[in-house]
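K.L.:
Please read through the structure below; I'll follow up with questions.
The values are calculated or read from the model by the stated rules, or taken from the named source; none is laboratory data. Small disclaimer: the values here were computed from a predicted structure and weren't measured. Here the Cβ is made from the backbone with ideal geometry for all residues, glycine too, and neighbour counts use every protein chain on show. Surface accessibility is based on the protein's heavy atoms, side chains included, excluding ligands, DNA and RNA. Shrake-Rupley method; radii C 1.70, N 1.55, O 1.52, S 1.80 Å.
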Amino acid sequence: MCYAIPGRVEKIEDNKVIVDYFGEKRKALNELTRLNVGDYIYAQGGYVVTRIPSEEAESILALWKEEFFNLQEVDLKLSRLSLNQEKDSKLLGILDKASQSKLLTKDQILYLLELKDTNELELLYKTANFLRQRNNKNSCCVHGIIEISNYCRQGCHYCGISNNNKELKRYRMTQDQILEAAKEAVEVYGFKSLVLQSGEDAGYSIDELAEIVKKIKEDFPSLIFISFGEIGLEGLEKLYQAGARGLLMRFETSNPHLYQQVHPGMNFESRLKHLQKAYSLGYLILTGSLIGLAGQRTEDILNDIFLASRLNAEMFSFGPFIPHPHTPLANQSQVQVDEVLKVLAVSRIVAKPDAKILLTTALETLNKEASKRALLAGANSLMLNVTPLSYRPLYSIYPNRAHETEEITAQIESTLSLLRSIGRAPTDLEVI
Ligand code: 5AD
């Protein structure tokens, strides 16, 4: 996949660089040694990932040039917002305020999260899409996720790979298999950022995980996010030193009582400590919650969005809870797509301007149309599954996951065609 645009380094100040994309300037952090003004690079998630030879960059840029501006035009058209409707309603007042990036009150946010009327919801989504475009232009980041093991020592009530599910066949990829999957993702498909995920699997030591991260970073340059659950504060430190730069860890719910109900033997405070420590170490924080757990109130969801903000989330990850037949929550009802879209849209309104809002695989699983709707309701980030096909169905956190049996090339093709149809391009750096 070549769904990333090379940028040209314009200016370097310590570890900060300004990158030019067809005249547009964006900021990134650089950790590569010997980077010079004029070099061409790929950047992702705010980091310079790798340098590329000038001739190669120039030929890719020649292909992109026209497309880049065409895409921006399509995006701009789709994100126009008109709130000047004749009637003077409470909703229009709130959305008008949001569209000017003014802070909303708690009551106003609750009002948005409680909307039900289809036309009103569409206005909310349009406002979020307008803000996404205004603050982030048409950028969209595409990560590749490798699910390295489905062993888990925890017993989360909602999760299909919890250790209580005795019907699931377990797998643990070897270091060589993981490196092979990372190589394929980076070298064959052109991914610039990888998420390594597993259950809480004591089968890998921290040192082994650190070695894997280090090798991937050295041999297959990419921005690496880790998602191995609660690996301890020291573990976080070791993996940062090994080269991981992002932590994907949801707090799942900000309501401590609900947290306790669905996470027997786990501790909400410990979860938060991991997220806080990770931020202080320099990790990009990807966090959020499950939407649709029984007993979750609208106010809890509002607090989830606030908590993600307080934890300095770079990316907001909110997805639907999907009942899994082999879990204690098997008989809970399925949340509707709009309930999740609302959360994405409100996150876009509440989050810092350059935050990424994730379109989750769980939402894609609920309904094919949901992906496009999410991207038009504030989302600007997604993940494709690059786990070897033979393991993918075994990582069954919930049933019938989108992309479970889909070759990587097919996922890339359909994603690119969706992104092109709505004018999105793969530069995810902060616009300056
Ligand atoms: N439905 C949706 N998401 C789930 N996860 C776990 N089980 C389910 C489910 N049944 C999510 C959790 C976890 C992430 C890896 O998967 O939020 O953080």
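K.L.:
Against the condition open to solvent by less than 30 Å² (accessible area, probe 1.4 Å), within 16 Å of the ligand (Cβ to nearest atom) and not basic (Lys, Arg), how does Ile216 come out, does it pass?
P.N.:
Numbers: open to solvent by less than 30 Å² (accessible area, probe 1.4 Å): yes; within 16 Å of the ligand (Cβ to nearest atom): no; not basic (Lys, Arg): yes.
Spelling it out, it is not the case that Ile216 is open to solvent by less than 30 Å² (accessible area, probe 1.4 Å), within 16 Å of the ligand (Cβ to nearest atom) and not basic (Lys, Arg).
K.L.:
Right, here's the next one. Give the residue, chosen from Ile216, Ile224, that is farther than 26 Å from Glu269 by Cβ, in a helix (DSSP H, G or I) and touching a residue at least 24 places away in the same chain (Cβ under 8 Å). It would help to see each step written out before you state the result.
P.N.:
On the way: Ile224 fails: in a helix (DSSP H, G or I).
Just one listed residue meets the conditions, Ile216.
K.L.:
Oh, and also: Taking segment 290-302, which residues are aliphatic (A, V, I, L, M) and within 11 Å of the ligand (Cβ to nearest atom)?
P.N.:
Here is the first cut: in segment 290-302, the residues aliphatic (A, V, I, L, M) are 290-291, 293-294, 301-302.
Those that are aliphatic (A, V, I, L, M) and within 11 Å of the ligand (Cβ to nearest atom): Leu290, Ile291, Leu293.
K.L.:
Could you run through segment 221-250 and say how many residues are surrounded by fewer than 21 Cβ atoms within 10 Å (Cβ to Cβ), touching a strand residue (DSSP E or B) at 6+ places or on another chain (Cβ under 8 Å) and over 24 Å from Glu184 (Cα atoms)?
P.N.:
Total satisfying the criteria: 2.
K.L.:
I've got another one for you. Quick check on segment 303-347: of everything there that is of a type in the set (D, E, K, R) and open to solvent by less than 10 Å² (accessible area, probe 1.4 Å), which residue is farthest from the ligand (Cβ to nearest atom)?
P.N.:
The selected residue is Lys342.
Table: residues versus (1) in contact with a Pro (Cβ under 8 Å, 6 or more places away or on another chain); (2) of a type in the set (Lys, Arg).
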| site | (1), (2) |
| --- | --- |
| Leu247 | no, no |
| Arg250 | no, yes |
| Pro256 | no, no |
| Ser270 | no, no |
| Gln276 | no, no |
| Leu281 | no, no |
| Gly292 | yes, no |
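K.L.:
With Thr287, Thr253 as the choices, which residue is closer than 17 Å to Ser162 by Cβ, within 12 Å of the ligand (Cβ to nearest atom), modelled with pLDDT of 95 or more and β-branched (Val, Ile, Thr)? First the steps, then the outcome.
P.N.:
Numbers: Thr287 fails: closer than 17 Å to Ser162 by Cβ.
One residue alone meets the criteria, Thr253.
K.L.:
Take the residues in segment 378-420 that are touching a residue at least 60 places away in the same chain (Cβ under 8 Å) and of a type in the set (D, E, K, R); name whichever of them is farthest from Cys156 (Cα to Cα).
P.N.:
Arg420
K.L.:
Please work out which one of (1) touching a Lys or Arg at 6+ places or on another chain (Cβ under 9 Å); (2) modelled with pLDDT of 95 or more; (3) in a strand (DSSP E or B) is the condition Gly38 fails and give its number.
P.N.:
(3)
K.L.:
On to the next question. Confirm whether Glu122 is open to solvent by 50 Å² or more (accessible area, probe 1.4 Å), farther than 20 Å from Leu358 by Cβ and either in the same structural domain as Phe68 (by TED's automatic domain parsing) or within 24 Å of the chain's Cα centre (by Cα) (or both). Don't jump to the end; show me each part of the working.
P.N.:
Numbers: open to solvent by 50 Å² or more (accessible area, probe 1.4 Å): yes; farther than 20 Å from Leu358 by Cβ: yes; either in the same structural domain as Phe68 (by TED's automatic domain parsing) or within 24 Å of the chain's Cα centre (by Cα) (or both): yes.
Answer is yes for this residue.
K.L.:
Right, next: May I ask you to say which residue of Thr298, Thr253 is open to solvent by 30 Å² or more (accessible area, probe 1.4 Å), out of contact with any Lys or Arg (no Cβ under 8 Å at 6 or more places or on another chain) and within 23 Å of Val350 (Cβ to Cβ)? Spell out how you get there, then give the answer.
P.N.:
Details: Thr253 fails: open to solvent by 30 Å² or more (accessible area, probe 1.4 Å).
Exactly one residue qualifies, and that residue is Thr298.
K.L.:
Is it true that Tyr279 is open to solvent by 60 Å² or more (accessible area, probe 1.4 Å) and either among the hydroxyl-bearing types (Ser, Thr, Tyr) or within 14 Å of the ligand (Cβ to nearest atom) (or both)? Before you say what the answer is, go through the steps one by one.
P.N.:
Working: open to solvent by 60 Å² or more (accessible area, probe 1.4 Å): yes; either among the hydroxyl-bearing types (Ser, Thr, Tyr) or within 14 Å of the ligand (Cβ to nearest atom) (or both): yes.
It is true that Tyr279 is open to solvent by 60 Å² or more (accessible area, probe 1.4 Å) and either among the hydroxyl-bearing types (Ser, Thr, Tyr) or within 14 Å of the ligand (Cβ to nearest atom) (or both).
Each row is one residue, and each column tells you yes or no for (1) out of contact with any Ser or Thr (no Cβ under 8 Å at 6 or more places or on another chain); (2) within 20 Å of Leu113 (Cβ to Cβ).
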{"position": "Gly282", "(1), (2)": "yes, no"}
{"position": "Leu293", "(1), (2)": "no, yes"}
{"position": "Leu302", "(1), (2)": "yes, yes"}
{"position": "Ser309", "(1), (2)": "yes, yes"}
{"position": "Asn312", "(1), (2)": "yes, no"}
{"position": "Ser317", "(1), (2)": "no, yes"}
{"position": "His324", "(1), (2)": "no, no"}
{"position": "Ala330", "(1), (2)": "yes, no"}
{"position": "Ile349", "(1), (2)": "no, yes"}
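K.L.:
Looking at (1) assigned to a helix (DSSP H, G or I); (2) surrounded by 20 or more Cβ atoms within 10 Å (Cβ to Cβ), can you tell me which one Asp176 breaks?
P.N.:
(2)
K.L.:
Tell me which of these Asn367 doesn't satisfy, since it passes every other one: (1) more than 28 Å from Leu81 (Cβ to Cβ); (2) surrounded by fewer than 24 Cβ atoms within 10 Å (Cβ to Cβ); (3) within 16 Å of the ligand (Cβ to nearest atom).
P.N.:
(1)
K.L.:
Here's another thing I want to ask about it. Working carefully through the options Cys159, Cys152, find the one that is within 24 Å of Ser381 (Cβ to Cβ) and in the same structural domain as Gln261 (by TED's automatic domain parsing).
P.N.:
Cys159
K.L.:
May I pose another question? Read through the list (1) part of a helix (DSSP H, G or I); (2) among the aromatic types (Phe, Trp, Tyr); (3) within 16 Å of the ligand (Cβ to nearest atom), then give the number of the only condition that Tyr151 fails.
P.N.:
(1)
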